[in-house]
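J.: After the structure tokens below, expect a handful of questions from me.
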Amino acid sequence: MAVERVLTLRELNRALLARQLLLERRKLGAQEAVERLCAVQAQWPQSPYIALWTRLIGFRKEQLTRALEERKVVKSTLFRITLHMTSARDYPFFVAAWLRAARDTTPRVTSQKLDELSHRVRAAAMEGPVTHEQVEALASTEMGGLRWRTRTLTPLVHLLPSGTWSHYGRAHLRAMEAVLGVEVPTREDGAERLVRRYFAAFGPATQQDLLRFAGIRVSDVRAGLERVELRTFRDERGRVLLDLPRAPLPDGDTEAPVRFLPKWDSALLAYAPPERTRILPEELRSTVIRKNGDVAPTVLVDGFVAATWDVGAKRNLTISPLRRLTKPERAEIDDEGERLAEFFRGDELALRTGPASPAT
């Protein structure tokens, strides 16, 4: 019998960095880059822009804005009922894999009633733009007052200016079919696309990691796991890891540059705990991922979270180390921080590096 290769923590870290374009910036368009990343978290307006800036050569804000205008990239409520940006080519397939799971787990509401409410919301969103408040008025009472779960009834795409760099206002939504001119694919085709994109972006990973990232059940993705050829490894705890054949697996000693990640970056959220240790040391988890679900913007040093950063009320870029940093590490963080400040140009950011956190 063949013995499965055991991957060390550093090997898994470097695999994640390579696939998330964090080992070396690449020259890619916004849509292609988003596809490579699977899905980009979009709760904070600046997050998708910073996520691409830190991964791409010469990225400019207008590149993502243009992709949104041309409907090559879309913003929507998606995995784990949170806001994401995805490629318009992937979005219908992701919906096919995710939506039924999100709807079916609504407590104390029958499938028949959910189908009825779904048709009601879709019809309204096909006629014209709707707001979340209007969707809630159409369905939340019959969903037991679960206003948040009305976002799982039918695929709704955010319309501009939602998704752009500085937009914090109310979102207007349209039905996916009206915006993209496509229908939801089969559940099986959706599962296959999701499996391919997830492991290309985050593998090697466990089946549970995939389920946790997408907020789905095994039944929702079983067809994809059966259709897609996958290789297996083990981690140092003996767990089975799934991966695509020929996907990159850099050596664990591969040099990793300093990188700034935005709030809620998917690289930190793509795994079920405790697997997040491949990028986020366990002793820092509660500092970075708070009890209210907030995820701080972070700085990677040697591939692992070593600091957080923030843009305060005075528009200063403040860096807060979470461990003791060497002088060369501080110098590299400051250099990259200056480049981030330049990306924010017009916001008049200054750079400040504080002492290591007393808690760590």
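J.: Please enumerate the residues belonging to the range 229-242 that are within 23 Å of V305 (Cβ to Cβ) and either touching a residue at least 24 places away in the same chain (Cβ under 8 Å) or among the aliphatic types (A, V, I, L, M) (or both).
T.: Within the range 229-242, D235, E236, R239, L241 meet the criteria.
J.: Can you say whether L78 is open to solvent by less than 10 Å² (accessible area, probe 1.4 Å) and touching a Lys or Arg at 6+ places or on another chain (Cβ under 6 Å), as far as the supplied structure shows?
T.: Considered against the rule, which asks whether it is open to solvent by less than 10 Å² (accessible area, probe 1.4 Å) and touching a Lys or Arg at 6+ places or on another chain (Cβ under 6 Å), L78 comes out as no.
J.: Sort out which residues of the range 7-52 are in contact with a His (Cβ under 7 Å, 6 or more places away or on another chain) and small (G, A, S), and write them in order of number.
T.: Hits for the range 7-52 are A39, A42.
J.: Still on this model: Please pick out the residue among L37, L21, L28 that is out of contact with any helix residue (DSSP H, G or I) (no Cβ under 6 Å at 6 or more places or on another chain), open to solvent by less than 30 Å² (accessible area, probe 1.4 Å), among the hydrophobic types (A, V, I, L, M, F, W, C) and within 20 Å of K263 (Cα to Cα).
T.: Numbers: L37 fails: out of contact with any helix residue (DSSP H, G or I) (no Cβ under 6 Å at 6 or more places or on another chain); L28 fails: within 20 Å of K263 (Cα to Cα).
Exactly one of L37, L21, L28 is out of contact with any helix residue (DSSP H, G or I) (no Cβ under 6 Å at 6 or more places or on another chain), open to solvent by less than 30 Å² (accessible area, probe 1.4 Å), among the hydrophobic types (A, V, I, L, M, F, W, C) and within 20 Å of K263 (Cα to Cα), namely L21.
J.: Report the residue count in the range 320-334 for those that are surrounded by 11 or more Cβ atoms within 10 Å (Cβ to Cβ) and either at pLDDT below 95 or in a helix (DSSP H, G or I) (or both).
T.: Residues meeting the conditions: 6.
J.: Hey, can you tell me all the residues within the range 108-139 that are modelled with pLDDT under 95, open to solvent by less than 80 Å² (accessible area, probe 1.4 Å) and not in a helix (DSSP H, G or I)?
T.: V109
The values are calculated or read from the model by the stated rules, or taken from the named source; none is laboratory data. Note that the structure is predicted; figures quoted are calculated from it, not measured. Here the Cβ is made from the backbone with ideal geometry for all residues, glycine too, and neighbour counts use every protein chain on show. The protein model used for the area step is the full one, side chains on, heavy atoms only, and it has no ligands, DNA or RNA in it. Shrake-Rupley method; radii C 1.70, N 1.55, O 1.52, S 1.80 Å.
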